[in-house]
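Notes follow once the structure below has been shown.
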Amino acid sequence: MSDMKELMKGMVGSFNPEAARVVDARVQLNASGEGGGPIILTIKDGQAGMAEGVADDPDVTLDVSVTDWAAIVNGELDPTRAYMTGKLKILGDIGLMMKFQRMFGR
């Protein structure tokens, strides 16, 4: 089983600052299941960071299981398909989520 903190550290490590030059956002990830929990992903000034906890007034909130997030991050589950089938719930700025693949590409 994957751990959400480790998955997010990997994402932050693969961050592409060029794709996020004008992005200023806070993303709340609520991961259910073993190794889950609330994570805040901050994207600002061409940098990405993460912290455990709950963001005040996030730009977008994601609800997903750790297992499904691991599959999305590893390219085994298409994020659009995950959203359409209810495995990934998005509340807020969906446009920001569409930029995620460019900002956190492999």
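The values are calculated or read from the model by the stated rules, or taken from the named source; none is laboratory data. Keep in mind that what you see is a predicted model, and the values were worked out from it rather than measured. Cβ: placed from backbone, ideal geometry, glycine included. Neighbour counts: every protein chain shown. Heads up: the accessible areas ignore ligands, DNA and RNA and are worked out on the full protein's heavy atoms, side chains in. Shrake-Rupley method; radii C 1.70, N 1.55, O 1.52, S 1.80 Å.
What's the extension gain from K9 to I94 if we count 0.36 nm per residue and subtract their Cα-Cα distance?
Working: separation 85, 0.36 × 85 = 30.60 nm, distance 2.22 nm.
Going from the current span to full extension adds 28.4 nm.
Go through K99, K89 and list them by solvent-accessible area, largest first, probe radius 1.4 Å. Walk me through the intermediate numbers first.
Working: K99 80, K89 115 Å².
Sorted descending by solvent-accessible area, the residues read K89, K99.
GNM on the chain, C-alpha springs below 10 Å: top fluctuator among D57, D93, D68? Judging by the Gaussian network model, the answer is D57.
Amide H contacts under 5 Å for L88: Y83, restricted to partners 5 or more places along the chain or on a different chain, H placed in the peptide plane at 1.01 Å from N. For the chain, what does the helix formula give at 222 nm: sum of -39500 (n - 2.57) over DSSP H segments with n ≥ 4, over the residue count, nearest 500 deg cm²/dmol? The per-residue figure over the chain is -7500 deg cm²/dmol. Each Lys and Arg Cβ is given +1 and each Asp and Glu Cβ -1; about its Cα centre, the chain then shows a dipole of about 300 debye. Reducing the stretch 66-106 and the stretch 1-57 to their Cα centroids gives an inter-centroid distance of 13 Å. Excluding same-chain neighbours fewer than eight residues apart, the lysines reachable from K9 by a Cα-Cα span under 19 Å are K44, K99.
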